[in-house]
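Engineer: Sending over a structure as structure tokens; questions will come in a sec.
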Amino acid sequence: MPPYWAAVRSLPQRERFATEQLGLRGYETFLPLVETQRASAPLFRGYFFCRIVDRWHAITTCFGVVALVRVGDCPCKIPDFEIETLKARADAAGIIRLPPPPPPASQRRFAKGEKVKIIAGQFSHFDAIHSGMRRGDLERVLINLLGAQREVSVARHLVIPAQ
């Protein structure tokens, strides 16, 4: 069987320790990190990746490891290109730079007549125009429905600016 990457679950806040222990046993590991206010933290809290060449049962007995993520009785295989994509986004220190988060829905403002996109729900396939009104956690938008523009209310988190 060719080598493959697998996801490993670690003890809480022990991802680095577990990767070091597996490294001492000869396993190749990858722990993607992101910047925090103080230092860095795992991108996937409680998880990291390990390259499995032939033996995988010994991974679960390593200090800091809780279990391998499995499908049935076998480790879940992560495609190589997924790991390579993550590695390519990491800088020299191993930190992956994430894009800034979108503004909270409560701070997002749309102008009357602005084209918007509904990203999910029953109206997700319609082009929409913001009607300039809000009510609670809803945005009111105009959609073309049955040959006319109809005003509908959509959950605020499902409305984004049209590209």
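Engineer: So how many residues does region 66-83 have that are assigned to a helix (DSSP H, G or I), within 17 Å of the chain's Cα centre (by Cα) and in contact (Cβ under 8 Å) with a residue 12 or more places away in the chain?
Structural biologist: 2
Engineer: Among the residues of region 48-65, what is the count of those that are crowded, with 17+ Cβ neighbours inside 10 Å and in contact with a Lys or Arg (Cβ under 9 Å, 6 or more places away or on another chain)?
Structural biologist: Final tally of qualifying residues: 6.
Engineer: Output yes when any residue across region 53-62 is out of contact with any Cys (no Cβ under 8 Å at 6 or more places or on another chain), in a loop (DSSP other than H, G, I, E, B) and aliphatic (A, V, I, L, M), and no when none is.
Structural biologist: Scanning region 53-62, I find at least one residue that is out of contact with any Cys (no Cβ under 8 Å at 6 or more places or on another chain), in a loop (DSSP other than H, G, I, E, B) and aliphatic (A, V, I, L, M), so the answer is yes.
Engineer: Something else now. List pairs: first in region 117-143 and touching a residue at least 24 places away in the same chain (Cβ under 8 Å), second in a loop (DSSP other than H, G, I, E, B) and of a type in the set (S, T, N, Q), Cβ under 9 Å, 6+ apart or cross-chain?
Structural biologist: Short answer, once both residue conditions are applied: Lys117/Ser124; Lys117/Gln163; Ile118/Ser124; Asp137/Ser106.
Engineer: Right, next: Starting from residues that are farther than 12 Å from Gly64 by Cβ and small (Gly, Ala, Ser), keep the ones in region 19-39 and report whichever is modelled with the highest pLDDT.
Structural biologist: Gly26
Engineer: Would you confirm, using the coordinates I've provided, whether Glu82 is modelled with pLDDT of 80 or more, within 30 Å of Ala39 (Cβ to Cβ) and surrounded by 10 or more Cβ atoms within 10 Å (Cβ to Cβ)?
Structural biologist: Here the answer is yes, as Glu82 does meet what is asked.
Engineer: How many residues does region 29-64 contain that are of a type outside the set (Phe, Trp, Tyr) and touching a strand residue (DSSP E or B) at 6+ places or on another chain (Cβ under 7 Å)?
Structural biologist: Here the count works out to 17.
Engineer: Whether any residue in region 105-123 is out of contact with any strand residue (DSSP E or B) (no Cβ under 7 Å at 6 or more places or on another chain), surrounded by 11 or more Cβ atoms within 10 Å (Cβ to Cβ) and modelled with pLDDT of 90 or more is what I want to check.
Structural biologist: For region 105-123, residues out of contact with any strand residue (DSSP E or B) (no Cβ under 7 Å at 6 or more places or on another chain), surrounded by 11 or more Cβ atoms within 10 Å (Cβ to Cβ) and modelled with pLDDT of 90 or more: absent.
The values are calculated or read from the model by the stated rules, or taken from the named source; none is laboratory data. Values in this document were obtained by computation on a predicted structure and should not be read as measured data. Note: ideal-geometry Cβ built from the backbone for every residue, glycine included; neighbour counts use all protein chains shown.
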